[in-house]
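> Input: one structure, supplied below.
The values are calculated or read from the model by the stated rules, or taken from the named source; none is laboratory data. What you see is a predicted model; the values in this text were computed from it and never measured. When we count neighbours, we look across all protein chains shown, and the Cβ atoms used for this are built from the backbone with ideal geometry, even at glycine.
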Amino acid sequence: MRKLSMALVMILVVAIPMVASAVPVPGTYMSAFRGGAVLNGHASVARQGVNSGDPKIFNGQSWNGCLGTQWEIKCGVEAVSQPPDMSLFNAITGTGFITYHQTFVGGSFTIYTDILVGWGDGTGTLNTTQATSQVYLQNFIPISSSFTALTSGTFEGGCHLDFAFSNGFGVGETPYLSKPATYPAFLAADCSLADAAHQFGVWADANDIIVVISCPIPVQSSTWGYVKSLYR
């Protein structure tokens, strides 16, 4: 019994560092649309007013019936809105397309270990998130919207992340609807939950995702002496 107990202790001692030392695995990972196992996502963008107002805060999470079990990208802030392109919109009838270009700065990301994806795990800091969305309105009422977004960041260990969303579509917007709990919470600019008086914004689905993880290659000596030492 004592030998068995000691064996179990040794297994635990060996296993714990292996779990704790998990790191990002370089590679390209894709969602099901492209034959991969990265989960699609749900996203929200909070704003200060019912249908406008800065800052706007991005919050995106994986979705498989639960939020954020595989990845999270959140707290990017758009402090100043860029003027939308309204060249395809009829301001008299209120019908046509309006294109929005948004830049969210900062924020954080987390990817969790997933044996189907194989990308290890890690956390890091976002640089910027660029998003372009096109909204179709009829009689000044939004009918449909689509979006593409790209974000990048750096893992705590120095590896780099590129995370691209495409074929996304808007699901709802205040004041026309109330955001369901199946979409990420609206956030305040400090990344805390928005209070009850600021539950304003849009929410959407991200259906096509490509993730690229790249890591620095350690520099090794290339002298003849170093090469010979490898064979001693």
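> Name the pairs: first residue in region 74-90 and touching a residue at least 60 places away in the same chain (Cβ under 8 Å) and under 14 Å from Val135 (Cα atoms), second residue β-branched (Val, Ile, Thr) and part of a strand (DSSP E or B), Cβ to Cβ under 8 Å, at least 6 apart or on different chains?
none
> Can you tell me which residues in region 77-128 are outside any strand (DSSP E or B), in contact with a Gly (Cβ under 8 Å, 6 or more places away or on another chain) and of a type in the set (Gly, Ala, Ser)? Talk me through it step by step, then tell me what you get.
Looking only at region 77-128, we keep the residues that are outside any strand (DSSP E or B), and these are 79-84, 91-94, 106-107, 112-121.
Remaining after also requiring in contact with a Gly (Cβ under 8 Å, 6 or more places away or on another chain): 106-107, 113, 117-119.
Scanning region 77-128 gives Gly106, Gly107, Gly118.
> Would you point out which residue out of Ser144, Ser192 is at pLDDT 95 or above and hydroxyl-bearing (Ser, Thr, Tyr)? Don't jump to the end; show me each part of the working.
Values: Ser144 fails: at pLDDT 95 or above.
Result: Ser192 is the single residue among Ser144, Ser192 that is at pLDDT 95 or above and hydroxyl-bearing (Ser, Thr, Tyr).
> With the checklist (1) without any contact (Cβ under 8 Å) to a residue 60 or more places away in the chain; (2) surrounded by fewer than 16 Cβ atoms within 10 Å (Cβ to Cβ); (3) outside any loop (DSSP other than H, G, I, E, B); (4) in contact with an Asp or Glu (Cβ under 7 Å, 6 or more places away or on another chain) in hand, flag the one item Thr69 doesn't pass.
Among (1) without any contact (Cβ under 8 Å) to a residue 60 or more places away in the chain; (2) surrounded by fewer than 16 Cβ atoms within 10 Å (Cβ to Cβ); (3) outside any loop (DSSP other than H, G, I, E, B); (4) in contact with an Asp or Glu (Cβ under 7 Å, 6 or more places away or on another chain), the lone unmet condition for Thr69 is (4).
One line per residue, one yes/no per condition, for (1) within 13 Å of the chain's Cα centre (by Cα); (2) buried (at least 17 other Cβ atoms within 10 Å of the Cβ); (3) not basic (Lys, Arg):
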{"position": "Pro83", "(1), (2), (3)": "no, no, yes"}
{"position": "Ile92", "(1), (2), (3)": "no, no, yes"}
{"position": "Thr99", "(1), (2), (3)": "no, no, yes"}
{"position": "Ile115", "(1), (2), (3)": "no, no, yes"}
{"position": "Gly124", "(1), (2), (3)": "yes, yes, yes"}
{"position": "Ala131", "(1), (2), (3)": "yes, yes, yes"}
{"position": "Gln134", "(1), (2), (3)": "no, yes, yes"}
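> Moving to a separate point now. Within region 169-181, how many residues turn out to be touching a strand residue (DSSP E or B) at 6+ places or on another chain (Cβ under 6 Å) and surrounded by fewer than 16 Cβ atoms within 10 Å (Cβ to Cβ)? Before you say what the answer is, go through the steps one by one.
Here is the first cut: in region 169-181, the residues touching a strand residue (DSSP E or B) at 6+ places or on another chain (Cβ under 6 Å) are 169-174, 179.
Adding the requirement that they be surrounded by fewer than 16 Cβ atoms within 10 Å (Cβ to Cβ) leaves 169.
Going through region 169-181 one residue at a time, the tally reaches 1.
> With the requirement that a residue be among the aromatic types (Phe, Trp, Tyr) and part of a strand (DSSP E or B), what does region 26-65 give you?
Narrowing region 26-65 to residues among the aromatic types (Phe, Trp, Tyr): 29, 33, 58, 63.
Tyr29, Phe58, Trp63 - these are the residues of region 26-65 that are among the aromatic types (Phe, Trp, Tyr) and part of a strand (DSSP E or B).
> Does region 148-168 contain at least one residue that is in contact with a strand residue (DSSP E or B) (Cβ under 8 Å, 6 or more places away or on another chain), part of a loop (DSSP other than H, G, I, E, B) and buried (at least 17 other Cβ atoms within 10 Å of the Cβ)?
Among the residues of region 148-168, at least one is in contact with a strand residue (DSSP E or B) (Cβ under 8 Å, 6 or more places away or on another chain), part of a loop (DSSP other than H, G, I, E, B) and buried (at least 17 other Cβ atoms within 10 Å of the Cβ), which makes the answer yes.
> Then there's this: Name the residues in region 169-179 that are in a loop (DSSP other than H, G, I, E, B), modelled with pLDDT under 95 and either under 18 Å from Gln61 (Cα atoms) or of a type in the set (A, V, I, L, M) (or both), would you?
The one that is in a loop (DSSP other than H, G, I, E, B), modelled with pLDDT under 95 and either under 18 Å from Gln61 (Cα atoms) or of a type in the set (A, V, I, L, M) (or both): Leu177.
> Take the residues in region 21-36 that are among the small types (Gly, Ala, Ser) and out of contact with any Ser or Thr (no Cβ under 8 Å at 6 or more places or on another chain); name whichever of them is farthest from Ala204 (Cα to Cα).
Initially, region 21-36 is screened for residues among the small types (Gly, Ala, Ser), giving 21-22, 27, 31-32, 35-36.
Still in the running and out of contact with any Ser or Thr (no Cβ under 8 Å at 6 or more places or on another chain): 21, 27, 31-32, 35-36.
Details: Ser21: 34, Gly27: 27, Ser31: 17, Ala32: 18, Gly35: 22, Gly36: 21 Å.
Among those that are among the small types (Gly, Ala, Ser) and out of contact with any Ser or Thr (no Cβ under 8 Å at 6 or more places or on another chain), it is Ser21.
> So, in region 136-152, of the ones that are farther than 17 Å from Gln102 by Cβ and in contact (Cβ under 8 Å) with a residue 40 or more places away in the chain, which residue ends up nearest to the chain's Cα centre (by Cα)?
Tyr136
> Can you tell me which residue within region 4-32, out of those that are hydrophobic (A, V, I, L, M, F, W, C) and modelled with pLDDT of 90 or more, is nearest to Thr103 (Cα to Cα)?
So, considering only residues that are hydrophobic (A, V, I, L, M, F, W, C) and modelled with pLDDT of 90 or more, the one nearest to Thr103 (Cα to Cα) is Met30.
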